[in-house]
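K.L.:
My questions will all concern the structure given below.
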Amino acid sequence: MKKNIICKKRTKAILVVSFSVFIYLFVAGLVSAVNVGISPATTTFEGVLRGGYSEKSVVISVDSESPVLIEVEPRGEIAQWINYSFDNFTVSRGRPYSLKIIANPPADVPNGNYTGFLRFMTAQLGQGVEGHAVSVVRTSLDLAITVEITDIEVRDCRAYSFEVRSVEKGDDIIFNFEVLNKGNIKIRPRTVIDVWDQDQLEILKSQEFSEKEVLPTTKGNFSLRMDSSSLELGQYWADISVVDCYSSQTLTFDILAPGALKAEGVLLGILTNKTAEVNTNVPIEVSFKNIGEKDVEAYFKGKVTLGDKIIQVLETDKMNVPISSIETFSLFFTPTEPGRYIISGRVFYSGKKTFESSTVLEVVSRGFALKSLLLPLAYIVLIFLIGFLFFKIRKEKKLYVNKLKQIKK
Amino acid sequence: MVYFNFFKLSIFFLETALLFFLFFLFFNILFQVVGADIGENVTIGSRLEIGNVAPIIQNIDIESGTINLNPNTTKLVNCSAIIIDYNLDSDIYNVTARLFDNSFTYGSQDDNNSHYTNNSCSINTAYGDENTALATCLFNVWYYANAGTWNCTVTAKDLSNNSVNESNTTDVLPLLALSVPSYIDYGTVNATQVSNENMTNISNVGNVMFNLSLKGYGYSLNDNLAMNCTLGNIKNISVEHEKYNVTASNPGELNLDQADSVYKNLSSSSIVNDFNLDYRSDEDVNEAFNSTYWRIYVPLGVAGSCQGNIIFGAIQSAAS
């Protein structure tokens, strides 16, 4: 009896273990699949010149914890023109690979669309099984590529991320920006930098640069140096104009005494109601942030204009603004006629001034008329009511007097 | 008589009072309507209400430009926005965001292919100054999200229930991705026999439809072999002895002639088959897979363990 129970228990255990092994092998077989992908799935090099240059990038990713080796191979009629950063590389989950692909068509190729593809092939994903006939799987992904050859030159670029920092007297002023070449020819963007005095009345210094080359479809970082020895201590404005890209920006910088702390602030914004009614007081709040290295005394100076007319000059008292803090200047304005008012101005601090900021205030009269008519209307209704009562009293009085006269008779 | 006089006197007083009140009202109206224009200095009662200002949403950034999805899993997409509230950033009460395929709308139902919602974006008030906060709205975007232009609309609400929303667009790039098992095991096959049918599923784990290319080799690419074996006098199986069918199963025991009639021979050069495997659209069940069916014929002179290679390739199909 006891033996029987033990046998049954053993059989049960063997069954459970066998089933578990079967499930494990089944699941292991399923999860051994490898998922690999490329994004985007196709790519087109548009408007490439003969003998020109164009680059794109593609991201290869896998859903596998262990690194997977990927080999790259160009195919098709454009195989000779396509270059890429590496022939093979490894990717794993969370570590996708961005491959730069470059199209360099030959100088004698006729205009037209040419196709081919870049094949991304994984290494072997599995292993053989002893005594079995096994085919180990590799996967490949074909990135379809089209290269459009043209003979039309396109010059197109964009300059952005302009930046300049204050410097100590004698140090070079460094202007940084980036240029994206969106055309199909190499460019050496001509850059003109004009340095203005604090009141922006006179150009004190002007310099032109055009040394660095940017290949088509690529981005170039520019760092232009300008000698500051002829500039006195103080605040200056610089107009940087990347002429070929039709991009420009005005920046400000200081020439500081050696070891001096920098005073710097930004006018965060002029805040007011979007709309207001005629003859109401409109609050205006100006936020200023001290981003410099010392406390500053600051005040706001601006104006309210309606069309070409200056309606009101705005000026606040001086206020101490500690480092890294924001202070708000409060003002009031009472519009007397409807219209679109522009409130603009700058904050002046430590002998410097911020960029001008502005906001729009729409003034309407409709609400005012309605409100102001409400009370007189109520009065008129009251007058009519009193008139009616007056008439009623007189009428009743007449009736009463008649009645009394009849009684007397 | 006395009573009559008293009555007349009362009526007189009542009328006088009414007339007086009438005059008072008349001048009061005049003052209200034209008082300011008469020329006297008039003080207008002004009421100043500096109300709560609605937040301002600036600079919505979605993954710095484009979204590259991950095969067979989700991609954490960050749609972040800088929010300014001049009543201090602590006034920002709630930020929500919706990320959706531009051919759908803000109000569309959530769907892994086209529409995602995050009702509680994280708000980092330590970012920037006391008026500025950084809202981070994360979305787990699935690999089968539609490729194309997507919109991220961020809505910010403050404690006074002022609500603003702004949006920006980005591109979800097409993802060509496939999933295959790591090997095909035909088991033990006797010489001169055709193996049993092996079913191998190919899954689309991207967001574009693809066709399937197949090629095989033994030792090295283009060697015209399917496998090489450890024993026997030939030790090789030619590539045409490995056979496949990408549309139909043919179960049961088959001889070589029967197998040749219903299966295609594998080749050393890539053959593209019309597979048109579309990407997944069902959230609950993965329907984006097709089965392929495989057999191998083992010729005389081959024994032991045999191993070869099959390259499963995907290329975006014109239909997608």
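The values are calculated or read from the model by the stated rules, or taken from the named source; none is laboratory data. No experiment lies behind these values; they were computed from the predicted model shown. Quick reminder, even Gly has a Cβ in these numbers, built from the backbone with ideal geometry, and neighbours come from all protein chains shown.
K.L.:
Of the residues that make up the stretch B:287-295, is at least one without any contact (Cβ under 8 Å) to a residue 60 or more places away in the chain, in a loop (DSSP other than H, G, I, E, B) and out of contact with any helix residue (DSSP H, G or I) (no Cβ under 8 Å at 6 or more places or on another chain)?
P.N.:
Within the stretch B:287-295 (the criterion being without any contact (Cβ under 8 Å) to a residue 60 or more places away in the chain, in a loop (DSSP other than H, G, I, E, B) and out of contact with any helix residue (DSSP H, G or I) (no Cβ under 8 Å at 6 or more places or on another chain)), the answer is yes, since at least one residue qualifies.
K.L.:
Still on this structure, I have one more. Can you name the number of the only condition in (1) within 14 Å of chain A (Cβ to nearest Cβ); (2) under 21 Å from the mean Cα position of the chain (by Cα); (3) surrounded by fewer than 23 Cβ atoms within 10 Å (Cβ to Cβ) that B:ALA145 fails?
P.N.:
(3)
K.L.:
If you go through the stretch A:250-270 one residue at a time, do you hit one that is more than 30 Å from A:ILE187 (Cα to Cα), exposed (fewer than 14 other Cβ atoms within 10 Å of the Cβ) and hydrophobic (A, V, I, L, M, F, W, C)?
P.N.:
Yes: one or more hits.
K.L.:
From A:GLY116, A:GLY170, which residue is at pLDDT below 95, crowded, with 16+ Cβ neighbours inside 10 Å and not aromatic (Phe, Trp, Tyr)?
P.N.:
A:GLY116
K.L.:
Still on this structure, please answer the following. Suppose we filter the stretch A:256-302 for residues that are small (Gly, Ala, Ser) and in contact with a Gly (Cβ under 7 Å, 6 or more places away or on another chain); how many remain?
P.N.:
The total comes to 6.
K.L.:
Let me ask something else. Could you pull out the residue among B:TYR106, B:TYR183, B:TYR143 that is in the same structural domain as B:VAL302 (by TED's automatic domain parsing), modelled with pLDDT of 90 or more and of a type in the set (Ser, Thr, Tyr)?
P.N.:
Every option except B:TYR183 fails the conditions.
K.L.:
Next question. So for the stretch B:72-95 (the condition being outside any strand (DSSP E or B) and away from every other protein chain (no Cβ under 12 Å)), does at least one residue qualify?
P.N.:
Yes, the conditions are met somewhere in the stretch B:72-95.
K.L.:
Quick check on B:ASP260: is it more than 14 Å from B:ASN309 (Cβ to Cβ), under 26 Å from the mean Cα position of the chain (by Cα) and among the acidic types (Asp, Glu)?
P.N.:
No: the conditions fail for B:ASP260.
K.L.:
Conditions first: (1) buried (at least 20 other Cβ atoms within 10 Å of the Cβ); (2) facing chain B (nearest Cβ under 9 Å); (3) assigned to a strand (DSSP E or B). A:ALA144 passes all but one, so which condition is the exception?
P.N.:
Looking at each condition in turn, A:ALA144 falls short on (1).
The rows are residues; the columns are (1) within 30 Å of A:VAL192 (Cβ to Cβ); (2) small (Gly, Ala, Ser); (3) within 14 Å of another protein chain (Cβ to nearest Cβ).
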| site | (1), (2), (3) |
| --- | --- |
| A:VAL109 | no, no, no |
| A:PHE117 | no, no, yes |
| A:VAL129 | no, no, yes |
| A:ILE149 | no, no, no |
| A:CYS157 | yes, no, no |
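K.L.:
Further question on the same structure: Pairs please, first residue from the stretch A:152-175 and free of Cβ contacts under 8 Å to residues at least 24 places away in the same chain, second anywhere and crowded, with 18+ Cβ neighbours inside 10 Å and among the aromatic types (Phe, Trp, Tyr), Cβ atoms under 8 Å, 6+ apart in sequence or on different chains.
P.N.:
A:SER161/A:PHE177
K.L.:
Next up: Could you tell me whether the stretch A:22-36 includes any residue that is modelled with pLDDT of 90 or more, within 11 Å of chain B (Cβ to nearest Cβ), within 16 Å of A:ILE102 (Cβ to Cβ) and part of a strand (DSSP E or B)?
P.N.:
So far as the stretch A:22-36 goes, no, none of its residues is modelled with pLDDT of 90 or more, within 11 Å of chain B (Cβ to nearest Cβ), within 16 Å of A:ILE102 (Cβ to Cβ) and part of a strand (DSSP E or B).
K.L.:
Another question about this same structure. Kindly check whether there is at least one residue in the stretch B:30-53 that is in contact with a helix residue (DSSP H, G or I) (Cβ under 7 Å, 6 or more places away or on another chain), at pLDDT below 75 and surrounded by 12 or more Cβ atoms within 10 Å (Cβ to Cβ).
P.N.:
yes
K.L.:
Please work out if B:TYR244 is within 13 Å of another protein chain (Cβ to nearest Cβ), part of a strand (DSSP E or B) and among the aromatic types (Phe, Trp, Tyr).
P.N.:
Here the answer is yes, as B:TYR244 does meet what is asked.
K.L.:
Being surrounded by fewer than 19 Cβ atoms within 10 Å (Cβ to Cβ) and touching a Ser or Thr at 6+ places or on another chain (Cβ under 6 Å) narrows it down to one residue among A:GLU178, A:GLU211; which is it?
P.N.:
A:GLU178 is the lone residue from the list that is surrounded by fewer than 19 Cβ atoms within 10 Å (Cβ to Cβ) and touching a Ser or Thr at 6+ places or on another chain (Cβ under 6 Å).
K.L.:
Turning to a different aspect of this structure: Considering only the stretch A:336-347, I want to know if a residue exists there that is within 14 Å of another protein chain (Cβ to nearest Cβ), in contact (Cβ under 8 Å) with a residue 40 or more places away in the chain and not aromatic (Phe, Trp, Tyr).
P.N.:
yes
K.L.:
For the stretch A:50-67, which positions are more than 19 Å from A:LYS182 (Cβ to Cβ) and within 11 Å of another protein chain (Cβ to nearest Cβ)?
P.N.:
Correct list: A:VAL58, A:VAL59, A:ILE60, A:SER61, A:VAL62, A:ASP63, A:SER64.
K.L.:
Okay, next question. Quick one: which residue in A:GLY269, A:GLY259, A:GLY265, A:GLY292 is modelled with pLDDT of 90 or more and among the small types (Gly, Ala, Ser)?
P.N.:
None of the other options fit; the residue is A:GLY265.
K.L.:
Now a separate question. Looking at A:SER223, A:SER206, which one is hydroxyl-bearing (Ser, Thr, Tyr), under 12 Å from A:PHE175 (Cβ atoms) and surrounded by fewer than 19 Cβ atoms within 10 Å (Cβ to Cβ)?
P.N.:
Result: A:SER223 is the single residue among A:SER223, A:SER206 that is hydroxyl-bearing (Ser, Thr, Tyr), under 12 Å from A:PHE175 (Cβ atoms) and surrounded by fewer than 19 Cβ atoms within 10 Å (Cβ to Cβ).
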